[in-house]
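A.B. asks: What follows is a structure written as structure tokens; I'll ask about it next.
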Amino acid sequence: MTIISDMGIRRMEGRPFEDILDGYFPLRESIRQLLQRQGFSAMWITLLHAPFMQIGGLAEDAPVPLHLRKIYSGMIDHMLLLAFSTPDGMVLAGTGDWIFVDSREENDLFPDSIRLGEPAFVRGVGLIEDCNTFDEENDFTPLAFLQPEAPSPSGDEVRLSAVHHLGWQAGKCFALKPADLGIRRQVGRDVQTLPFGSDHSGREASWDDWPLPMPGHLRPADWLLVNASPDQVRRESLEVALRL
């Protein structure tokens, strides 16, 4: 049975990447700067084990004081974030788990005005622009959104069908879901299977454990496929893709 056809593939320009997220601006501003610095119109990133600080009375555009008490407001255990540009600025969405030192601050929506306590390593996938036309003789599509013809196929079925159809040698596949605005609490899942994380145990068997939030303007699509072919032009992209 055909899982993916021409009608089910939307090729995109973009790349997997790694970077350092600044820790001293409000989280929203740090992510906006990362999006701009990488030249992406949209990106998904994973943030792991990052302390954060909430400084009372400090304006969002004010610098962090030079002298801080040796205490953090809390700790981000893990976050899977989507950020994308709009005419009015940037939209931020995602899921994760975190703790506050003061339990009175706890809620199910993480304030994106909070600052990280230090710079944080992030890994993810970014989109540059929609590219629906490629030279068929030299097609090194970095990314593709997939809309399967068959109902509810597995990640393995989608990946194998799309890789074959695109003429790639290998690819990494990630499930997609509609995005809810804001960073919302998501608990009870195994952080080891978080996309773009640092521990890959069980990753191949967990295609849809952590579906990526999907911005509405890029639908319809149920899966994101990242090119992991050894012969692709961008060697750096390949090396990062293999670490996703």
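A.B. asks: Using the 10 angstrom Cβ neighbour count as an exposure proxy, how do Lys172, Lys177 rank, fewest first? Mind showing how you got there, number by number?
C.D. replies: Values: Lys172 22, Lys177 13.
Listed from fewest to most nearby Cβ atoms, that is Lys177, Lys172.
A.B. asks: Provide the net charge surrounding Arg243, with neighbours chosen by a C-beta distance below 9 Å and charges set as Lys +1, Arg +1, Asp -1, Glu -1.
C.D. replies: Net charge in that neighbourhood comes out at -1.
A.B. asks: Fewest to most neighbouring Cβ within 10 Å: what's the order for Leu27, Leu242, Leu109?
C.D. replies: With the fewest neighbours first, Leu27, Leu242, Leu109 line up as Leu109, Leu242, Leu27.
A.B. asks: Also: Sort Met53, Met75, Met214 by Cβ crowding within 10 Å, fewest neighbours at the top.
C.D. replies: Exposure proxy ranking, most exposed first: Met75, Met53, Met214.
A.B. asks: So, counting K/R as plus one and D/E as minus one, what does the shell of residues with Cβ under 10 Å around Arg185 add up to?
C.D. replies: Charge balance near Arg185 sits at -2.
Read-outs throughout are calculated quantities, based only on the coordinates presented, and are distinct from any laboratory measurement. Please read all numbers here as calculations on a predicted model, not as lab measurements. Cβ coordinates were reconstructed from backbone atoms using ideal geometry, including for glycine residues, and neighbour counts include every protein chain displayed.
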